[in-house]
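Asks: Got a structure here, written out as structure tokens. Questions coming.
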Amino acid sequence: MRQIKIFDTTLRDGEQSPGCSMNLEEKIRVALRLQKLRVDIIEAGFACSSPGDFQSVQTIANTIKNCSVASLARCVPADIDAAWNALKGAVAPRIHVFLATSPTHMQYKLKMTEEQVLERAINMVQYAKKYCSDIEFSAEDAMRSDRDFLRRVTEAVIKAGATVVNIPDTVGYTTPDEMYAMIDYLLNNAEGAAKIDLAVHCHNDLGQATANSLAGVRAGANQIECTINGLGERAGNAPLEEVVMGIKTRPDAYNAYTNIDTTRIYKSSALVYNIIGQMVPINKPIIGKNAFAHESGIHQHGVLAHRETYEIMTPESVGIRKNTMVLGKHSGRHGFEARLKELGYELTKEDIDRYFEEFKKLCDKKKEVTDRDIEALVTQIDISESIYSLASFDVHTGNLATSTAVMRLNKNGDSFEEVALGDGPIDAAYRAIDKIVGAPPHRLENYVIQSVSEGKETLGKVMVKLSCEDEHGMKRAFNGHGLSTDIIEASILAYINAMNKLLGDL
């Protein structure tokens, strides 16, 4: 069987989608998780786009040791220079250049002729080749390009030194049959195409990203570009979890395999959803709450009789495990550590000590602690206390009274207290925090609360999203997270977390 390489662009294409931005620490967390997931290439960012992106590409390139790290670059010398300067500390660097090849893009965006595009592509691949051996060329909007012109471009960049040629469905326009036909045509007609990696990069505007990616694989493509949870521009990219499990579940259809450790998919997905401040849709394929749930009596009977009647893969195969041990207030550190290992977490002694302390606090509030509770504790992003942290709060509310919040926050060893009124307890608490921190003009874009498990004693997870304009008038978004059995406390922690990011970035 052929190996299909997984090129993950969560940190570039995924992160640039609206509301999905990450700070440097969060990007490193994701990159390290992708390395454990065993992706083949991590696209760490677009080094030339901003100083922040350059720093994140450089830091990830210097951190990751077990897979390639790539940076995107336009077919412009300055972009390629920046990409190399950020990547040069990587164990296996890849410069990823792109140039549009469709009539629409060439005429209206580039204002270039076919011959000018062809010449630019050749020159810039050669320019990038002087820095490193691994060069990827993407023909932007390839699936709306003239087929013969795309063949000419593919041949030319291969001769110029490209080791990977990517065929993107940039606007999610194509169909599986068209993708199959294009890959098949290039492999059989573009000189040298069979000797390099031919890749597909599909967007999901018509809900076809997974199907188109897998059609490309059937036709002979050996690299899929995708993102965790399908994050990306507009409707997103092909979700890594779907294309990988599609190949694993149907080796007979694709005659292929990937190196992905699928038992880490669930935790990787949860980490990314936590960072960007979004909840998992209940019907999300592979990792959604209902992906392995059966309510119909016919389905339940079938699964009880033989799992394969209605389950084509197991929850365990993607890292979803069932409770085998009940933990509670009398459980010791050894039992907690063993449960973490059984759930697939590899943590340092310091991390285990910290999470065990939080676990014991939770046991004082809950009789039994579920796997979901433990996973929430571990995947919960550390609340940033670099600026403000919660000392105490006192909230009074009622249906016939104006809500009042007394808030006390700590900063550098000092305590600050304010009182505020609001339209409900959360609004009052947030107004008090704003007064303490001297918050700049901003907007609460989103507030979501979700129970982690079942029952009245469950942990509540709150995610908030704040937005404001920076000094250049650009809108910036900041996600915050909070976790507590007290939903007001969880809401306050989430707001402080987001506000710390906002204050630290501006």
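Asks: Given 10 °C and 1.306 mPa s, compute D for segment 366-425 with the Stokes-Einstein relation, Rh being the Kirkwood radius over Cα pairs; round to the nearest whole µm²/s. Intermediate results must be reported in sequence, preceding the final value.
Replies: Values: Rh = 14.3 Å.
D = 111 µm²/s.
Asks: Take the solvent-accessible surface of the protein heavy atoms, probe 1.4 Å, and return the percent of it on segment 1-77 that carbon and sulfur atoms account for.
Replies: Values: 1420 of 2760 Å².
Carbon and sulfur atoms account for 51 percent of the accessible area of segment 1-77.
Asks: So, one more: Let me check the size of segment 440-482 from its C-alpha atoms; what are the radius of gyration and Dmax in Å?
Replies: Here Rg and the maximum Cα pair distance are 14.4, 47 Å.
Asks: If the cut-off is 24 Å between C-alpha atoms, which lysines fall inside it for LYS367, apart from same-chain ones fewer than 8 positions away?
Replies: LYS289, LYS322, LYS329, LYS341, LYS456, LYS461
Asks: Pop out the ³J(HN,Hα) list for segment 87-95 in order, Karplus 6.51 cos²θ - 1.76 cosθ + 1.60 with θ = phi - 60°, rounded to Hz; leave Gly and Pro as x.
Replies: In residue order, the calculated couplings are 8, 5, x, 6, 5, 9, x, 9, 9 Hz.
Asks: Show me 182-188, 227-233, 334-340 ranked by packing, highest mean number of other Cβ atoms within 10 Å first. Mind showing how you got there, number by number?
Replies: Working: 182-188: 18.3, 227-233: 25.0, 334-340: 16.0.
Going from most to least packed, we get 227-233, 182-188, 334-340.
Asks: Can you give me the P(r) profile for the chain? Cα pairs, bins 20 angstrom wide beginning at 0, each as a whole percent.
Replies: In order of increasing distance, the bins hold 21, 50, 26, 3 percent.
Asks: Give the Kirkwood hydrodynamic radius (Å, one decimal) of segment 63-133, defined as one over the mean of 1/r across all pairs of different Cα atoms. Please report the intermediate quantities before stating the final value.
Replies: Details: mean 1/r = 0.0769 Å⁻¹.
That comes to 13.0 Å for segment 63-133.
Asks: Could you do me a favour and compute the accessible area per residue for the chain, 1.4 Å probe, result in Å²?
Replies: Numbers: 22500 Å² over 506 residues.
With all protein chains present, the chain gives 44 Å² per residue.
Asks: Please list the non-local residues whose amide H lies under 5 Å from the amide H of ASN166, H modeled 1.01 Å from N, same-chain partners needing a gap of 5 or more.
Replies: PHE137, SER138, ALA139, ALA199
Asks: Right, here's the next one. Send over the per residue convex hull volume for segment 186-252, Cα only, as a whole number of Å³. List each step's numbers first, then the result.
Replies: Numbers: hull volume 6.2 nm³, N = 67.
For segment 186-252, the hull spanned by Cα atoms encloses 92 Å³ per residue.
Asks: Could you rank GLU26, GLU115, GLU350, GLU140 by how accessible they are, 1.4 Å probe, largest area first?
Replies: Numbers: GLU26 10, GLU115 100, GLU350 125, GLU140 35 Å².
Largest to smallest exposure gives the sequence GLU350, GLU115, GLU140, GLU26.
Asks: Remind me, what semi-axes does segment 16-72 give for its equivalent ellipsoid, largest first in whole Å, using sqrt of 5 times each Cα gyration tensor eigenvalue?
Replies: Equivalent ellipsoid semi-axes, largest first: 18, 13, 10 Å.
Asks: Output ³J(HN,Hα) for segment 117-127: one whole-Hz value per residue in order, computed from phi by the Karplus curve 6.51 cos²θ - 1.76 cosθ + 1.60 with θ = phi - 60°, and x for Gly and Pro.
Replies: 5, 4, 5, 5, 4, 4, 4, 6, 5, 5, 5
Asks: Based on the alpha-carbon gyration tensor of segment 154-266, what equivalent-ellipsoid semi-axes (square roots of 5 times the eigenvalues) come out, in whole Å, largest first?
Replies: 23, 16, 13
Asks: Moving on. Where both residues lie in the chain, what percent of DSSP beta bridges are antiparallel, nearest 5?
Replies: Numbers: 37 of 74 bridges.
For the chain, the DSSP antiparallel bridge percentage is about 50.
Asks: State the answer as a single residue: which of ILE275, LEU87, GLN35 lies farthest towards the positive end of the charge dipole of the chain, with beta carbon charges of +1 for Lys and Arg and -1 for Asp and Glu, about the Cα centre.
Replies: With unit charges placed on the Cβ atoms, the residue in question is GLN35.
Asks: What are the semi-axes of the equivalent ellipsoid for segment 251-296, taken as the square roots of 5 times the Cα gyration tensor eigenvalues, largest first, in whole Å? Don't skip to the answer; put the middle values down first.
Replies: Working: eigenvalues 107, 63, 13 Å².
Ellipsoid semi-axes (Å, largest first): 23, 18, 8.
Asks: Please list the non-local residues whose amide H lies under 5 Å from the amide H of THR485, H modeled 1.01 Å from N, same-chain partners needing a gap of 5 or more.
Replies: GLY460
Asks: Given the C-alpha atoms of segment 347-450, compute the convex hull and give its volume per residue in Å³. Show your work: numbers first, answer last.
Replies: Details: hull volume 16.6 nm³, N = 104.
Cα-based convex hull of segment 347-450, divided per residue, equals 160 Å³.
Asks: Something else about it: State the answer as a single residue: which of ALA47, ILE374, MET22 lies farthest towards the positive end of the charge dipole of the chain, with beta carbon charges of +1 for Lys and Arg and -1 for Asp and Glu, about the Cα centre.
Replies: ILE374
Asks: Kindly provide the pair-distance distribution of segment 112-162 built from C-alpha pairs, with 5 Å bins from 0 and whole-percent values in order of increasing distance.
Replies: Taking every Cα pair in segment 112-162, the percentages come to 4, 22, 32, 24, 12, 5, 1.
Asks: Here is a follow-up. Compute the signed sum of charges (Lys and Arg +1, Asp and Glu -1) over the other residues within less than 12 Å, Cβ to Cβ, of LEU24.
Replies: Numbers: positive: LYS27, ARG29, LYS501; negative: GLU15, GLU25, GLU26, ASP53, ASP505.
Within the 12 Å Cβ shell, the charges total -2.
Asks: Using modelled backbone amide H atoms (1.01 Å from N, in-plane), which distant-in-sequence or interchain residues come within less than 5 Å of ALA100's amide H?
Replies: For ALA100, the qualifying residues are GLU140.
Asks: Right, next: Treating only the Cβ of Lys, Arg, Asp and Glu as charged (+1, +1, -1, -1), what charge dipole size does the chain show about its Cα centre? Round to the nearest 20 debye.
Replies: Working: 57 positive and 68 negative charges, 163 e Å.
In debye, rounded to 20, the chain gives about 780.
Asks: ³J(HN,Hα) across segment 15-29 via Karplus (A = 6.51, B = -1.76, C = 1.60, θ = phi - 60°), whole Hz, x for Gly/Pro?
Replies: 3J(HN,Hα) across segment 15-29, in whole Hz: 5, 7, 6, x, x, 10, 5, 10, 8, 4, 4, 5, 5, 5, 4.
Asks: Which order do TYR257, TYR266, TYR173 take when ranked by solvent-accessible area (1.4 Å probe, heavy atoms of all protein chains), largest first? Intermediate values should be presented prior to the final figure.
Replies: Working: TYR257 85, TYR266 60, TYR173 135 Å².
Output order, biggest surface exposure first: TYR173, TYR257, TYR266.
Asks: Ranked highest first by average number of other Cβ atoms within 10 Å, how do 268-277, 37-46, 99-108 line up?
Replies: Details: 268-277: 23.3, 37-46: 25.9, 99-108: 18.8.
Per-residue Cβ counts within 10 Å, averaged per peptide and sorted highest first, yield 37-46, 268-277, 99-108.
Asks: Taking only the C-alpha atoms, wrap a convex hull around segment 137-214 and report its volume per residue in Å³ as a whole number. Walk me through the numbers on the way to the answer.
Replies: Numbers: hull volume 5.5 nm³, N = 78.
That works out to 70 Å³ per residue.
The values are calculated or read from the model by the stated rules, or taken from the named source; none is laboratory data. All figures in this text were calculated on a predicted structure; none of them were measured in a lab. Cβ sites come from the backbone with ideal geometry, for glycine too, and all protein chains shown count toward neighbours. Only protein heavy atoms, including side chains, enter the accessible area calculation; ligands, DNA and RNA are left aside. Shrake-Rupley method; radii C 1.70, N 1.55, O 1.52, S 1.80 Å.
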